[in-house]
Amino acid sequence: MAVWDILLHTAESYSLARRTGYTTIYQKVLAITPGDFIQFAVAMGFSNCPGAPQLQFMLGRPMPVAASLDGLIPEPFDAVDSSIERFADAGNFTPSHIIWLLNAHSVVAADEVDSTIPGTPFDSTPFILTVSSSLRLSSAAHCSQGENQGEVESPIMGELHLQSDSELPRDNRTACEWQSFVNNLERMQTLFPAAMATMAVIGQDTSQMVDCSDVVHILLLRALGFEPNVICPQIPITPPPQGTAHFPAGLGIADVEQACSTAMFPTLPTDPGPATYVAPVPPA
Ligand code: HEM
């Protein structure tokens, strides 16, 4: 499809377009538009992660008419001001909404920031949607990475730390919101899907769309071997992680740079054992 060809040559869209290109066959089988397919894949992907809330999936986006202009997606090396302005312009999002959405970075990995180490996670537990491991510590002594554009040194070996994920938790407009998610899984499970539901229908006429969120549950449960007649949206598909948030082994409160001026960073235990190393995620 011509739109994907264009996006494949658009720096900040490359990762998304490439993954979507891989999955064109599924899109054809499902007979839905590319926009619907992307949102369907997002809802399915996140729902597979333990700790993740169920995301809404609205069906009914029209076929694309043109690729988006270059430069519309925030880059990790953009100034915080610029990212905040872009989110406000695109979806009327506040700085707090950006932080709600960025919970997504708990379960993602980068292929293109440093193409020599594809699959490098942003988080010490890249398969679990938690805020406990997204502490965004300030210590920078442990990792040799950090030399690529948009990347800063990570406190955890094997983890890739984006400049934007380092600066947003330190900015006075977003620091307290970021800190508010630490050790508060319920807050993430409420606010992340709310912001995602808003973002997923930007520019769409929702009166022409159908809420197909149940399909996400049905397909997932079928994949897990359950029969459709036991399906209920309230079924906890993947149990959330138990216990309180914790520092990865080798790190602690001394490594935290206190950025929120109205509340102290919570007291958390540190995992025992040698300093944490995060393995790359397998290719998609
Ligand atoms: C300031 C805003 C943001 C910046 C600068 C940013 C930047 C990035 C970068 C550089 C990557 C790595 C791409 C690669 O190397 O493969 C990435 C991956 C990713 N981000 Fe963000 N991001 C932002 C906000 C978001 C939001 C709001 C979401 C979702 C709600 C999100 C979801 C993802 C996902 C799912 C991936 C993995 C993509 C893949 O596997 O191909 N990001 N982000």
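Computed from backbone phi with θ = phi - 60° and the Karplus coefficients 6.51, -1.76 and 1.60, the 3J(HN,Hα) list for the range 246-262 is 8, 6, x, 3, x, 10, x, 4, 5, 8, 8, 8, 5, 10, 6, 8, 10 Hz; x is used for glycine and proline. Hey, could you grab the Kirkwood Rh for the range 45-119? Inverse mean 1/r over distinct alpha carbon pairs, Å, one decimal. Roughly 15.3 Å, rounded to one decimal.
With neighbours defined as other Cβ atoms within 10 Å of a residue's Cβ, the residues LEU55, LEU72 order from fewest to most as LEU72, LEU55. Amide H contacts of PHE247: THR270, ASP271, each under 5 Å away and 5 or more positions distant or on a separate chain (H built 1.01 Å from N in the peptide plane; Pro and chain starts excluded).
Every number here is computed from the coordinates shown, using simple stated rules; none is lab data. Predicted, not measured: the structure shown is a model, and the values here were computed from it. As a convention, Cβ positions derive from the backbone with ideal geometry for all residues, glycine included, and neighbour counts pool all protein chains shown.
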